[in-house]
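Report on the following structure.
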Amino acid sequence: YQGASWLERPERVKEEEPAKLLKALAIKPGMVVADVGAGSGYHAFRMAPLVGDTGKVIASDIQPEMLKLIEAKAKKLKVANVEAVQGTE
C-alpha cells in the first residue's frame, strides 16, 4: 500500500495505455466486472463509468490499506458502483 502513489502516477496513462485494455475488455453498461489485485483502484475507477449505474466493479485486494484507499476515493468522487472486497492469498 505504500506504493499507492506510484500506481496513480500521471505517466501511467502514457506508459501503459489503459484505454487499450478497457477497449479489449469490451465492458458494457450493466455488467459486473472484477479488478482482482486492484491496488489503489486505478483500473476499477476507469471501469466504473463503463458499467454505469446498473453495473458494478468489484475491486478486490489482499491489503486492507488498499481497500481503504479505494473506499475513500469512491466516497470523494461519489462513485457508488465500486465495491472494495478483501481477497485472500
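With the structure loaded, tell me whether residue 88 is at pLDDT below 95, part of a loop (DSSP other than H, G, I, E, B) and open to solvent by 70 Å² or more (accessible area, probe 1.4 Å) or whether it fails that test.
yes
Would you please list the contacts, defined by Cβ atoms under 8 Å and residues six or more apart or on different chains, that run from a residue in region 66-83 that is open to solvent by 100 Å² or more (accessible area, probe 1.4 Å) to a residue that is of a type in the set (D, E, K, R) and part of a loop (DSSP other than H, G, I, E, B)?
Correct list of pairs: 80/53.
Quick test for you: out of 26, 34, pick the one residue that is out of contact with any strand residue (DSSP E or B) (no Cβ under 9 Å at 6 or more places or on another chain) and open to solvent by 20 Å² or more (accessible area, probe 1.4 Å).
The conditions single out 26.
For region 1-23, give me each residue that is acidic (Asp, Glu), more than 18 Å from residue 74 (Cα to Cα) and surrounded by 12 or more Cβ atoms within 10 Å (Cβ to Cβ).
Result: 16, single match.
Residue by residue, here is whether (1) modelled with pLDDT of 95 or more; (2) β-branched (Val, Ile, Thr); (3) within 17 Å of residue 1 (Cβ to Cβ) holds:
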| site | (1), (2), (3) |
| --- | --- |
| 24 | yes, no, no |
| 30 | yes, no, no |
| 36 | yes, yes, yes |
| 45 | yes, no, yes |
| 55 | yes, no, no |
| 60 | yes, no, yes |
| 66 | yes, no, yes |
| 74 | yes, no, yes |
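Starting from region 6-21, take each residue that is under 13 Å from residue 45 (Cβ atoms) and list its partners that are not in a loop (DSSP other than H, G, I, E, B), counting only C-beta distances under 7 angstrom and pairs at least six apart or across chains.
18/46
The values are calculated or read from the model by the stated rules, or taken from the named source; none is laboratory data. Please read all numbers here as calculations on a predicted model, not as lab measurements. Cβ sites come from the backbone with ideal geometry, for glycine too, and all protein chains shown count toward neighbours. These accessible areas exclude ligands, DNA and RNA; they are computed on the full protein's heavy atoms, side chains included. Shrake-Rupley method; radii C 1.70, N 1.55, O 1.52, S 1.80 Å.
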